[in-house]
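Everything on this sheet refers to the single structure shown next.
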Amino acid sequence: MFYPCWIRSKEKDVLNCSFLNDNIRVLCPNLNIINKANETNSPNLISYVLSVNHGLSKIILGGDAENESWNHIVENYKDEIANATILKASHHGRDSGYHQEAVKTINPFVTVVSVGKKPETDASNKYRQYSNYVFSTVWQGSMVFDCYEDGTVIMLN
C-alpha cells in the first residue's frame, strides 16, 4: 500500500496515502524546502508536517516547522488544513513554531503542546486565540485521544 503511494507522490512532490476513510499526507517539506535546508544548514526546515484524517477527524502534526514551512502549507494546502480537530503545536509550542495565519486557518478544536518543560518563548496563549482548548504535556502529561469517523474526539486521560 505505501510503495504505490510513494511512487505516485514523486510526480507531485508530496506523499499522500489513503486507505478507506483514513488518509496521511505529508504537507511539508517539499523538494524546494529540502534543498534550502541543505544550503542553509537549517534542519527544522526538513521537519515533517503531516495531515492525518480519519473520517471527519483531522489532525495536523506540526513537527518542528517554522515560518517558511507554514508559509508553504498555507499557500498550498489552506483548504486541507482548515478547521482541524487537533493541532499538535510545532516546535514544542515555542514562538519560533507559531504562525498566526496557519493557526487561524487550522482553527483547531484542541491544540496539544508537547514539551518537557515550559519554554522561555511559550506561545500557548497565542494558540488559545484560535483553539477551544490548549493542553500541554507539562501539565497533563501524556495524552491519548480517540478520534471517530464522525469527528468526535475524546481525551482518554
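The values are calculated or read from the model by the stated rules, or taken from the named source; none is laboratory data. Note that the structure is a prediction, hence the values are computed from the model and not measured. Virtual Cβ from ideal backbone geometry, glycine too; neighbours counted across all protein chains shown.
Any idea which residue in region 63-72 is surrounded by the most Cβ atoms within 10 Å (Cβ to Cβ), counting only those that are within 12 Å of the chain's Cα centre (by Cα) and on the phi < 0 side of the Ramachandran plot? Quick ask: steps written out before the conclusion?
Here is the first cut: in region 63-72, the residues within 12 Å of the chain's Cα centre (by Cα) are 63-66, 69-70.
Going one step further and asking which of them are on the phi < 0 side of the Ramachandran plot, we end up with 64-66, 69-70.
Details: ASP64: 18, ALA65: 30, GLU66: 20, SER69: 28, TRP70: 25.
Only one residue fits best here, namely ALA65.
In region 89-155, which helices (runs of 4 or more DSSP H) lie fully inside it and hold 1 or more residues that are within 24 Å of LEU56 (Cβ to Cβ)? Show your work before the answer.
Working: elements: 100-106, 124-128, 137-140.
Those helices (runs of 4 or more DSSP H) span 100-106, 124-128.
Take the conditions touching a strand residue (DSSP E or B) at 6+ places or on another chain (Cβ under 9 Å), modelled with pLDDT of 75 or more and of a type outside the set (Phe, Trp, Tyr) and apply them to ARG8. Does it pass? So that I can check it myself, show each step before the final result.
Numbers: touching a strand residue (DSSP E or B) at 6+ places or on another chain (Cβ under 9 Å): yes; modelled with pLDDT of 75 or more: no; of a type outside the set (Phe, Trp, Tyr): yes.
No.
Confirm whether GLU80 is out of contact with any Ser or Thr (no Cβ under 9 Å at 6 or more places or on another chain), of a type in the set (D, E, K, R) and either in contact (Cβ under 8 Å) with a residue 40 or more places away in the chain or closer than 20 Å to ILE46 by Cα (or both). Full working, then the answer.
Details: out of contact with any Ser or Thr (no Cβ under 9 Å at 6 or more places or on another chain): no; of a type in the set (D, E, K, R): yes; either in contact (Cβ under 8 Å) with a residue 40 or more places away in the chain or closer than 20 Å to ILE46 by Cα (or both): yes.
No.
For region 77-88, enumerate the residues that are of a type outside the set (Asp, Glu), over 11 Å from the mean Cα position of the chain (by Cα) and not in a loop (DSSP other than H, G, I, E, B).
TYR77, LYS78
The conditions are (1) at pLDDT 95 or above; (2) surrounded by 16 or more Cβ atoms within 10 Å (Cβ to Cβ); (3) not aliphatic (A, V, I, L, M), and GLU75 fails exactly one of them. Which is it?
(2)
Of the conditions (1) at pLDDT below 95; (2) among the small types (Gly, Ala, Ser); (3) under 27 Å from ASN21 (Cβ atoms), ALA102 fails just one. Which one is it?
(1)
Would you say GLU68 is charged (D, E, K, R), at pLDDT 95 or above, part of a helix (DSSP H, G or I) and under 26 Å from THR40 (Cα atoms)? First the steps, then the outcome.
On the way: charged (D, E, K, R): yes; at pLDDT 95 or above: no; part of a helix (DSSP H, G or I): yes; under 26 Å from THR40 (Cα atoms): yes.
Taking the combined requirement at face value, the residue does not satisfy it.
Taking region 16-59 on its own, how many of its residues are without any contact (Cβ under 8 Å) to a residue 24 or more places away in the chain, of a type in the set (A, V, I, L, M, F, W, C), more than 22 Å from TYR98 (Cα to Cα) and surrounded by 15 or more Cβ atoms within 10 Å (Cβ to Cβ)?
Matching residues across region 16-59 total 1.
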